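In what follows, a structure is listed as structure tokens, so that the remarks can point back to it.
The values are calculated or read from the model by the stated rules, or taken from the named source; none is laboratory data. All of these numbers come straight from a predicted model, not from anything done at the bench. Here the Cβ positions follow ideal geometry from the backbone for every residue, glycine too, while neighbour counts run over all protein chains shown. For the accessible areas, the whole protein counts, side chains as well, though only heavy atoms, and no ligand, DNA or RNA atoms are used. Shrake-Rupley method; radii C 1.70, N 1.55, O 1.52, S 1.80 Å.
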Amino acid sequence: MSGLVLALAVNGLVWGLIIALIALGLSIIFGLLDIINVAHGDFFMLGTVVVLVLATSTGSYWLALLLVPVIGLGVGLILERVIIRPTIRQASLTIVTTFGLSMMLQEGVRATYGAQPRRMAAPIEGTIPLFGIDYDVYRIFAAAFATLCLIAFFLFLTRTKLGTWIRAVRHDPETATALGVPVARICAITFGLGTAMALLGGAIAAPITTVEFRTGVDILPFCFMAVIIGGLGNLQGTVAAALLLAVMEGLVTSVTDPTIARIVSLGFMSVVLLVRPHGLFSGATR
């Protein structure tokens, strides 16, 4: 029993690292553009579908994994220019437009890809002994790769000129504009990066979860909970909250069903908001 509990906790940690990558994309979009992106979960779903289609057509999951974030960046840049930018000054309107985008993505995938859930074979086969059970090697790889992506993202924000511009626009867009930072371009790139991170999370998760047009429906609330508990605009807090929620749900699942585990997470979020309205982690900034 103890081995099962530990295995579920590890599963939660693996899933939490993937969710952290997706939730970070949601967090930077909100922090910079003030957009509550209801379609973000469907970007994750699109990543699972695209990686499966590319892997099937090219015969290589690894090539597909490299192509998916590039495709995600391109999709994000196009959507920002066509859909987001015309409505960005009206927060309520962006919710409506991203909800419509969500429906378009879901129905578009169902019409072209089909409604039948599919499974993707893990590109790394085999298991290793872990806490008395045989644990999938690919899940270990997924956790390690997601961790590297998270580290790379924070290094990008702190060590590159573009990352510095993104942080400057998040902190004070008026001053950034006065200093010559191309704010409109930075906003477009940020939305593209957030979209790419969601698709990349889907590509990593595809061999673990099912691939279908409704996959993003369950991911979106989890990402929002991570962003809210971590503190709106607090990127490090978002990562920590995603890991905390995923491990907690994994442990709760060991004694009850996943639905109860999600209710526990929602209850935990409610308590956090009552005690710390700005998030569990102090120092949250926009």
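Counting only residues that are aromatic (Phe, Trp, Tyr) and either under 15 Å from Gly202 (Cβ atoms) or without any contact (Cβ under 8 Å) to a residue 40 or more places away in the chain (or both), how many does segment 104-134 have?
Of the residues in segment 104-134, 1 are aromatic (Phe, Trp, Tyr) and either under 15 Å from Gly202 (Cβ atoms) or without any contact (Cβ under 8 Å) to a residue 40 or more places away in the chain (or both).
Among the residues that make up segment 256-269, is at least one of them within 17 Å of Ile36 (Cβ to Cβ) and out of contact with any Ser or Thr (no Cβ under 6 Å at 6 or more places or on another chain)?
Among the residues of segment 256-269, at least one is within 17 Å of Ile36 (Cβ to Cβ) and out of contact with any Ser or Thr (no Cβ under 6 Å at 6 or more places or on another chain), which makes the answer yes.
Across segment 221-261, what is the number of residues that are surrounded by fewer than 20 Cβ atoms within 10 Å (Cβ to Cβ), touching a Phe, Trp or Tyr at 6+ places or on another chain (Cβ under 8 Å) and assigned to a helix (DSSP H, G or I)?
Residues flagged as surrounded by fewer than 20 Cβ atoms within 10 Å (Cβ to Cβ), touching a Phe, Trp or Tyr at 6+ places or on another chain (Cβ under 8 Å) and assigned to a helix (DSSP H, G or I) within segment 221-261 amount to 3.
Just wondering, is there one or more residues in segment 179-199 that are part of a loop (DSSP other than H, G, I, E, B), open to solvent by less than 10 Å² (accessible area, probe 1.4 Å) and either touching an Asp or Glu at 6+ places or on another chain (Cβ under 8 Å) or of a type in the set (Gly, Ala, Ser) (or both)?
Checked against the condition, which is being part of a loop (DSSP other than H, G, I, E, B), open to solvent by less than 10 Å² (accessible area, probe 1.4 Å) and either touching an Asp or Glu at 6+ places or on another chain (Cβ under 8 Å) or of a type in the set (Gly, Ala, Ser) (or both), segment 179-199 yields no hits at all.
So is Gly279 at pLDDT below 90, surrounded by fewer than 21 Cβ atoms within 10 Å (Cβ to Cβ) and at positive phi or not?
No: the conditions fail for Gly279.
With respect to Leu52, determine if the residue is closer than 29 Å to Leu232 by Cα, open to solvent by less than 40 Å² (accessible area, probe 1.4 Å) and not aromatic (Phe, Trp, Tyr).
no
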